[in-house]
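Scroll down for the structure; my scribbles are underneath it.
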Amino acid sequence: MLNLFLTAFVVAFFAAGFRRPFLFVLAYAYIDIVAPQKVSWGFLQVIPISLIAFLLAVGSWAVAEDKNGIRLGSRQIVMILLLVYCGLTTRVADFPVEAADKWGWVWKALVFAIFLPLTLRTRLRIESLALIMVLSVGVIVVGGGIKTLFSGGGYGELRLLVNDNTGLYEGSIISTVAICVIPLALWLARFGTVFKPGLLVWLFALGLSFACVLMPIGTQARTGLICFGVMLVMMLRSTKRRMTYIGVVVAVGMIAVPLLPQSFTERMSTIKNHQSDQSASTRVAVWKWTIEFVKTRPFGGGFDAFRQNAVSYDKVMSESAGDNNTAISTVRVVEKARAYHSSYFEMLGEQGYPGLGLWLLLHVMGVVHMELIRRRFAKNPPPDLVWVTPLADALQQAQIIYLFGGAFVGIAFQPFCYMLVGLQCGLQAYVGRIRRTEIVPFRAPRVVPEPAAPPA
């Protein structure tokens, strides 16, 4: 039934898009996040619907959209530079075939993020994109949340729509992205116009947020727990009654901790001692290898350069020796072709120092720009712009959560995260157009007196 619904949803979007071209943009956003070709059947599995939707979105905008006043923002220029640079490193990559495969979807994520702000000309469009992003992630996490409640989940055991451990269906990635969408879901519940605020809307937003919180538990991804902690701290900043907020968080935590699965608490305990966990030990070893690698390859090795690594590390193991004694032993482990498990080291190893610099610049500018917008409309905003500061706040929270989560999972080119960047650029462009209409000329226009009438 779900497969049939997803198929009908995509077909309906495509049909309506010929009348309203912006719907093609929303359709591509949904397709790129959910990947319905993975969970459906029939023609969707053999047709490149993602590429078709991308071409229709760009083509319909080029033909039918109003382009007056369009200008590229500073972050769009940074993304263009990053796009060109990644294209050049792909041509000289250490693993040309694998690099070409990754480049095949990376360039679409970057181009779509550059293209998005050009289409987000109204509040309705900005809200619609945020809504599609939240609901698309909701398609994945709601089912995952239900399974977590009934089964408790498990590391590598939770199945999200499909038995696929790539993209958003990978545990650490969906845990990070799920926490990112919580601020957006709450903003939509407060200021949405497509679904106006009300009891049902708030119940859905809170239910979706609860399902998002369950993702780190169901997947047992330590990255998700870190992201959740960052979100709680970020929300404290924008909460008016901070002591009440802290009290509620502490109370809910005290109630929830005893209810957590034992396997979850045991896995979270490995955050303190990475040497007792193989996954964490491998990450640290790969990060050290990457630092040594770029000393001789400052421009990186291209996409999937990690395939040439060979790392070794000491794994600490403890065994019961009887009479409450524990025997601790160290085992030397050697592994090859291990992934980076960090967006920062992914950029460093694949794109070198220039690529990492551009990537960091892109995201630091986003945090700063959202802060400027947040402060500009924080006090006494016009009634029709009350929604701007809370949206900038939500987008800033989502990006900071992504940056923290990205330290432990390789999502430097995750399409959802670049849609988030495109949404930020769209809001910035929208605010920029408002500011240009408010600018007062430095010098008043010169008034030329009319010639006096001749005497009668």
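The values are calculated or read from the model by the stated rules, or taken from the named source; none is laboratory data. No experiment lies behind these values; they were computed from the predicted model shown. Neighbour counts are summed over all protein chains in view; Cβ atoms, including those assigned to glycine, are modelled from backbone coordinates with ideal geometry. Just so you know, the surface numbers come from the protein's heavy atoms only, side chains and all, with ligands and any DNA or RNA stripped out. Shrake-Rupley method; radii C 1.70, N 1.55, O 1.52, S 1.80 Å.
Taking the criterion of being open to solvent by 40 Å² or more (accessible area, probe 1.4 Å) and more than 27 Å from SER172 (Cα to Cα), would at least one residue in region 100-109 satisfy it? Can you show your working first?
From region 100-109, those open to solvent by 40 Å² or more (accessible area, probe 1.4 Å) are 100-101, 103, 105, 107; that's our starting set.
If we keep only those that are more than 27 Å from SER172 (Cα to Cα) as well, we get none.
Within region 100-109, not a single residue is open to solvent by 40 Å² or more (accessible area, probe 1.4 Å) and more than 27 Å from SER172 (Cα to Cα).
Please work out which residue is modelled with the highest pLDDT, limiting yourself to region 48-88 and to residues that are over 22 Å from the mean Cα position of the chain (by Cα) and of a type in the set (S, T, N, Q). Once the filter is applied, the top-ranked residue is SER60.
I'd like to know if region 60-82 contains one or more residues that are part of a loop (DSSP other than H, G, I, E, B) and buried (at least 18 other Cβ atoms within 10 Å of the Cβ). Within region 60-82, one or more residues are part of a loop (DSSP other than H, G, I, E, B) and buried (at least 18 other Cβ atoms within 10 Å of the Cβ). Can you say whether LEU188 is over 15 Å from the mean Cα position of the chain (by Cα) and within 21 Å of ILE401 (Cβ to Cβ), as far as the supplied structure shows? Answer is yes for this residue.
Every residue in region 410-424 that is open to solvent by 10 Å² or more (accessible area, probe 1.4 Å) and among the aliphatic types (A, V, I, L, M), please.
We begin by selecting, within region 410-424, every residue open to solvent by 10 Å² or more (accessible area, probe 1.4 Å); these are 410, 414-415.
Residues satisfying the conditions do not exist here.
Being part of a helix (DSSP H, G or I) and more than 23 Å from PHE228 (Cα to Cα) narrows it down to one residue among GLN351, GLN424; which is it? Within the list GLN351, GLN424, the selection yields GLN351.
Tell me yes or no: at least one residue of region 390-406 is open to solvent by 20 Å² or more (accessible area, probe 1.4 Å) and either part of a loop (DSSP other than H, G, I, E, B) or hydroxyl-bearing (Ser, Thr, Tyr) (or both).
Looking only at region 390-406, we keep the residues that are open to solvent by 20 Å² or more (accessible area, probe 1.4 Å), and these are 390, 400, 403-404.
Now drop any that are not either part of a loop (DSSP other than H, G, I, E, B) or hydroxyl-bearing (Ser, Thr, Tyr) (or both), which leaves none.
Scanning region 390-406 turns up no residue that is open to solvent by 20 Å² or more (accessible area, probe 1.4 Å) and either part of a loop (DSSP other than H, G, I, E, B) or hydroxyl-bearing (Ser, Thr, Tyr) (or both).
Among the residues of region 339-367, the one identified as surrounded by fewer than 21 Cβ atoms within 10 Å (Cβ to Cβ), closer than 12 Å to ILE411 by Cβ and of a type in the set (A, V, I, L, M, F, W, C) is ALA339.
Can you pull out every residue in region 295-316 that is at pLDDT 80 or above and either surrounded by fewer than 20 Cβ atoms within 10 Å (Cβ to Cβ) or farther than 23 Å from ASP101 by Cβ (or both)? Outline the logic, then answer.
Of the residues in region 295-316, the ones at pLDDT 80 or above are 295-310.
Those that are at pLDDT 80 or above and either surrounded by fewer than 20 Cβ atoms within 10 Å (Cβ to Cβ) or farther than 23 Å from ASP101 by Cβ (or both): LYS295, THR296, ARG297, PRO298, PHE299, ARG307, GLN308, ALA310.
Of (1) surrounded by 14 or more Cβ atoms within 10 Å (Cβ to Cβ); (2) modelled with pLDDT of 75 or more; (3) out of contact with any Pro (no Cβ under 7 Å at 6 or more places or on another chain), GLN37 satisfies all except one. Which? Failing condition for GLN37: (2). When every residue of region 349-361 is checked against the conditions, none turns out to be acidic (Asp, Glu), under 17 Å from ARG75 (Cβ atoms) and modelled with pLDDT of 90 or more.
Taking the criterion of being open to solvent by less than 40 Å² (accessible area, probe 1.4 Å), touching a residue at least 24 places away in the same chain (Cβ under 8 Å), within 15 Å of ILE401 (Cα to Cα) and not hydroxyl-bearing (Ser, Thr, Tyr), the residues of region 216-257 that qualify are PRO216, ALA221, ARG222, GLY224, CYS227, VAL230, MET231, MET234, MET235.
Filtered by the rule that a residue be out of contact with any Leu (no Cβ under 7 Å at 6 or more places or on another chain) and under 18 Å from LEU360 (Cα atoms), region 60-86 gives GLY73, SER74, GLN76, ILE77, ILE80, VAL84, CYS86. Of all residue pairs spaced 6 or more apart or on separate chains, those with beta-carbon atoms under 8 Å, a first member in region 420-434 that is within 12 Å of LEU391 (Cβ to Cβ) and of a type in the set (A, V, I, L, M) and a second member that is open to solvent by 30 Å² or more (accessible area, probe 1.4 Å) and at pLDDT below 95 are VAL431/ARG376.
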